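First up is the structure itself, then whatever we jot down about it.
Each reported figure results from applying straightforward, stated rules to the coordinates on display, with no laboratory input. Predicted model, so just to flag it, every value in this text is computed and none were measured. Cβ: placed from backbone, ideal geometry, glycine included. Neighbour counts: every protein chain shown.
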Amino acid sequence: MITLNVCKKISQKKILIACIISFFMLLIPTTIIAQDDMKSLDSLAEIAISNGNFAGGYLLRTKQIDTLSKQVNKGDSNLIRLIANRGMCLERIKKFDEALIEEKKAVELWTKFQDTTSYTYASLLSNLSICQIDVNQLDAAIENSQKSISILETLPKTTMTQWMYQAKTYINKAEVLAKAKRFKEAITEEWKGLEIFRRYYGNDTSPYLKELTYLQKYLKESGNEEEADKIAIKLEEGAADLRLPKVKEFASAEEASKYNKEAIYCCNYYLDHPITAPKMIEAGQFFENWNNLSKDVRINMGKFEHDLLQSQGGSLCYLAYEASMITNELRNNVKFDKVIYLAAIVEVTGFYVDNKQSIGLVATLEPFAKVYSIDNPKPVLKLAEEQYDALMKLMKENRNTKLQ
């Protein structure tokens with residue numbers, strides 16, 4: 001149960017969850033629409049493709065292309081992107097020869113009318129290489145995969161989307177190398193892609209483990225049964241995100257107490273994974289709902305905590321702070337403690353440092369981040385001591401006020 005010492009927590013939970021949902025909505029890619037009158041077609045195409053209806057997506061993209069072709073020249077960037085997207089729809093419905101023609105056309109048009117150095121060009125080359133794999137043009141596929149990689153490796157990357165482009169090009173190249181029986185090179189490229197997946201998803205979640213199956217396959221086909229068996233054991237453990245309990249509302253402290261084990265699991269999941277990992281929002285919602293009713297822990301709210309909740313990124317970090325407090329209080333059967341409080345500030349600082357690129361600047365944590373070192377927590381602990389003293393002073397003032 002949270003004890004408030006600075007302000008009442010009226011609607012604070014709603015604000016916190018709203019901030020989290022808003023953040024995760026930012027991770028969803030948006031579609032750039034070429035013309036206002038094409039919005040409906042584009043929306044329908046996106047829905048069809050996202051639902052796996054690639055034949056429907058192909059027809060809708062064709063209508064878009066026919067419409068846009070009458071309004072712009074053939075070198076228009078949006079038109080070329082639509083051609084490429086239509087090509088990949090054909091690839092998914094296994095019309096490989098037609099798909100290859102479309103992707104070649106897209107690359108040729110982009111090369112002639114746009115550039116040969118952008119993320120888009122690298123993506124088009126990667127698409128082309130996939131289609132070349134399908135028709136067994138392995139040498140050409142390897143060449144275009146490497147061209148795509150060479151471009152991406154020179155471009156600045158500041159977003160998850162950009163890094164995922166990079167990961168997928170490594171993975172595509174690994175696939176074609178494996179098909180060409182060049183397993184040693186395939187394994188190297190696959191590891192490069194997996195490292196980026198680990199950075200954004202963690203190494204025990206569904207996206208990572210799904211891709212890990214390909215590494216296991218390449219190792220096995222290369223004759224390295226020992227390493228393949230090690231991966232098989234990891235795969236048998238299953239994905240951590242699939243073991244998360246469903247988010248629920250708790251009716252009483254008694255009911256919350258029955259879910260202490262699940263709360264700890266969600267807290268650990270939140271602390272152990274990057275903010276971009278699957279189901280982070282669900283994990284945070286579970287232990288936040290649990291904490292609002294639980295009498296098994298106590299988290300005192302001071303200026304530090306209050307200030308964290310004033311921004312979207314700060315709210316995400318507050319959940320890490322809360323998760324640390326919950327796990328340590330439950331494990332030690334203690335309701336608030338100085339050591340637990342100091343540990344929580346060190347842990348939330350590490351969480352912030354690791355995820356700053358994704359969540360943005362959080363002013364409240366910047367002083368801690370500037371002195372943070374994973375090998376030497378003392379500078380952060382010194383600042384945390386000051387926060388603890390301020391919290392104790394505030395709690396004392398509140399008690400004295402109540403007695404008057």
**Study point:** Set of aspartates and glutamates near K335 by C-alpha distance (under 19 Å), chain-local residues within fewer than 8 positions excluded
**Key:** E254, E255, E262, E288, D296, E305, E322, E347, E385, D389
Study note, to complete from the structure: Rounded to one decimal in nm, the spacing of the 7 Å Cα→Cβ label points at T158 and K393 is 3.9
**Study point:** Selected from I47, I149, I359 as most flexible by GNM, with the chain as the system and alpha-carbon contacts under 10 Å
**Key:** I47
Practice item. For segment 107-207, just say rounded, prolate or oblate: build the C-alpha gyration tensor, square-root its eigenvalues into a ≥ b ≥ c, call rounded for a/c under 1.5, and beyond that prolate if a/b exceeds b/c, oblate if not. Key: oblate
**Study point:** Mean ellipticity per residue at 222 nm, deg cm²/dmol - from DSSP H runs of n ≥ 4 across the chain, formula -39500 (n - 2.57)
**Key:** -23500 deg cm²/dmol
Point to revise | Rounded, prolate or oblate (a/c below 1.5 giving rounded, otherwise prolate when a/b exceeds b/c) for segment 40-242 by Cα gyration tensor | key: prolate
Point to revise | Debye log10 I(q)/I(0) at q = 0.12, 0.14 Å⁻¹ for the chain, Cα point scatterers | key: -1.04, -1.21
Practice item. Rank by packing, highest mean first: peptides 308-319, 68-79, with packing defined as the count of other Cβ atoms within 10 Å averaged across residues. Key: 308-319, 68-79
Practice item. Could you tell me whether segment 351-401 comes out rounded, prolate or oblate from its Cα gyration tensor? Rule is a ≥ b ≥ c as square roots of the eigenvalues, rounded for a/c under 1.5, then prolate if a/b exceeds b/c, otherwise oblate. Key: oblate
**Study point:** Partners for K181 among aspartates and glutamates (Cα-Cα distance below 17 Å; same-chain residues under 8 apart left out)
**Key:** D134, D139, E143, E189, E190, E221, E225
Check your understanding: Once both axes come from the Cα atoms, what is the angle between helix 260-272 and the longest principal axis of the chain, in degrees from 0 to 90, rounded to 10?
Key -> 60
Revision key, fill the gap. In vacuo Debye sum over C-alpha of segment 37-125, base-10 log of normalised intensity I(q)/I(0) at q = 0.12, 0.19, 0.25 Å⁻¹, listed in q order, is -0.34, -0.85, -1.27
Study note, to complete from the structure: Protection proxy (average C-beta count within 10 Å per residue), highest first, orders 122-132, 337-347, 368-378 as 122-132, 337-347, 368-378
Review point. Can you give the three extents of the C-alpha atoms in segment 221-276 along their principal axes, from longest to shortest, in whole Å?
Key: 57, 22, 14
Practice item. Could you tell me which of the pairs K105/K168; K70/K104; K210/K356; K39/K279; K303/K396; K295/K378 are separated by over 24 angstrom between their Cα atoms in the structure shown? Key: K210/K356; K39/K279; K295/K378
Practice item. Taking every Cα atom in segment 196-327, find the radius of gyration and the maximum pairwise distance Dmax, and write them in Å. Key: 18.1, 59
Point to revise | Residue-span extension gain [T117 to K181] - 0.36 nm each, minus C-alpha spacing | key: 20.0 nm
